[in-house]
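Here is the structure we will look at.
The values are calculated or read from the model by the stated rules, or taken from the named source; none is laboratory data. All values derive from a computational prediction rather than experimental measurement. So basically every Cβ, Gly included, is an ideal-geometry build from the backbone, and we count neighbours across all protein chains shown. Please note that ligands, DNA and RNA were not included when accessible areas were found on the heavy atoms of the full protein model with its side chains. Shrake-Rupley method; radii C 1.70, N 1.55, O 1.52, S 1.80 Å.
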Amino acid sequence: MLTEPHTAAREVWERFNRQAAPNGAVMRTSVLGIHRFWDLDSVVENTVRVAKVTHHDPRCVASCVAVTTAIAQLLTDHAAGSQPDLERLVHRSYGLAAQQLLSDKERLELKFHMHASLEELRLDESDKIGYTYKTMGAGFWALRQNDYEDALSRVTMEAGDADTNAAVAGALIGCRLGYRAIPERWVGGLVHRDWLKSVIDSYKDVLVGLPSKPTH
């Protein structure tokens with residue numbers, strides 16, 4: 001794992017007959033939509049490389065790509081001062097994510113989860129609560145909502161892998177609506193808030209030192 005993480009992840013996946021597609025990668029890769037957000041090819045490349053460190057299944061990789069490219073497009077729209085066209089955005093993210101999959105059946109399942117209602121997602125389905133598409137689907141459902149608190153509360157109350165589903169949902173709707181959409185009492189009562197702020201500030205310092213978006 002320390003020297004060949006992609007190989008190790010693939011071997012674990014094969015040991016489980018290529019059936020395991022848990023949500024551990026999609027819950028931690030949302031931030032990759034920020035890095036070079038104006039360059040979707042770069043976002044996809046970074047996402048695939050990071051996701052495969054722990055989760056080799058193409059469905060895991062596809063769900064990560066769907067989320068990070070959606071975030072990148074939202075940031076591109078914000079930077080341009082324009083309102084996002086959500087259906088166009090989701091369609092483009094689907095197309096990039098679908099390229100990671102091996103069959104039409106997998107692509108149809110991806111599309112279903114990216115457009116499903118909370119009821120259709122069945123987040124509390126007992127034998128699939130940690131399935132990567134369910135977590136991704138919760139995120140894309142939340143992306144289409146207009147109230148941050150209500151969206152995250154509804155996702156959480158669906159149970160299942162509630163914390164992970166809410167993490168991805170919060171990333172997507174939060175990127176769309178902005179920091180001010182988060183209830184102040186949630187921010188003020190955050191455990192380890194100062195530590196988290198220091199991590200975010202450090203990351204911002206790194207971003208400032210990166211090459212900026214080309215102007216031509």
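Convert 37 °C to kelvin, take the viscosity as 0.692 mPa s, use the Kirkwood radius over C-alpha pairs of region 1-87 as Rh, and evaluate the Stokes-Einstein diffusion coefficient in µm²/s, rounded to a whole number. D, rounded to a whole number, is 243 µm²/s. Which residue, chosen from 101, 42, 140, occupies the Cα position most advanced towards the positive end of the dipole of the chain, where the dipole is computed from +1 (Lys, Arg) and -1 (Asp, Glu) charges on Cβ about the Cα centre? Of the listed residues, the answer is 42.
Entry note, the chain: relative contact order of 19 percent, from Cα contacts under 8 Å with a spacing of 6+ residues. One chain, two ends: residue 49 and residue 34. Fully extended at 0.36 nm per residue, the span grows by 3.9 nm beyond their Cα-Cα distance.
In the assembled protein chains, residue 206 presents an accessible area of approximately 80 Å² (probe radius 1.4 Å). From helices alone, the chain scores -19500 deg cm²/dmol at 222 nm; the rule is -39500 (n - 2.57) for each run of n ≥ 4 DSSP H residues, then divide by the residue total. According to the Kirkwood relation over distinct C-alpha pairs, the hydrodynamic radius of region 109-171 is 11.0 Å. Here's the picture: charge each Lys and Arg Cβ at +1 and each Asp and Glu Cβ at -1 in the chain, and of 153, 90, 200 the one pushed furthest to the positive end of that dipole is 200. Using only side-chain charges placed at the Cβ, +1 for Lys and Arg and -1 for Asp and Glu, the dipole size of region 114-165 relative to its Cα centre rounds to 200 debye.
Among the listed pairs 52/204; 134/197; 111/134; 134/204, a Cα-Cα separation exceeding 21 Å is found for 52/204; 134/197; 134/204.
Each of 114, 157 has its accessible area taken with a 1.4 Å probe; listed largest first, they run 157, 114. Only protein heavy atoms count here; under a 1.4 Å probe, residue 150 has an accessible surface of about 70 Å². Approximating the spin labels as points 7 Å out from Cα along Cα→Cβ, the residue 153-to-residue 196 distance works out to 1.9 nm. Among complete DSSP H helices in the chain, those whose alpha-carbon atoms stretch at least 27 Å along the helix's long axis and whose mean Kyte-Doolittle hydropathy reaches -1.0 are 58-80.
For the chain, a crude dipole built from +1 on the beta carbon of Lys and Arg and -1 on the beta carbon of Asp and Glu, taken about the Cα centre, is about 360 debye to the nearest 20.
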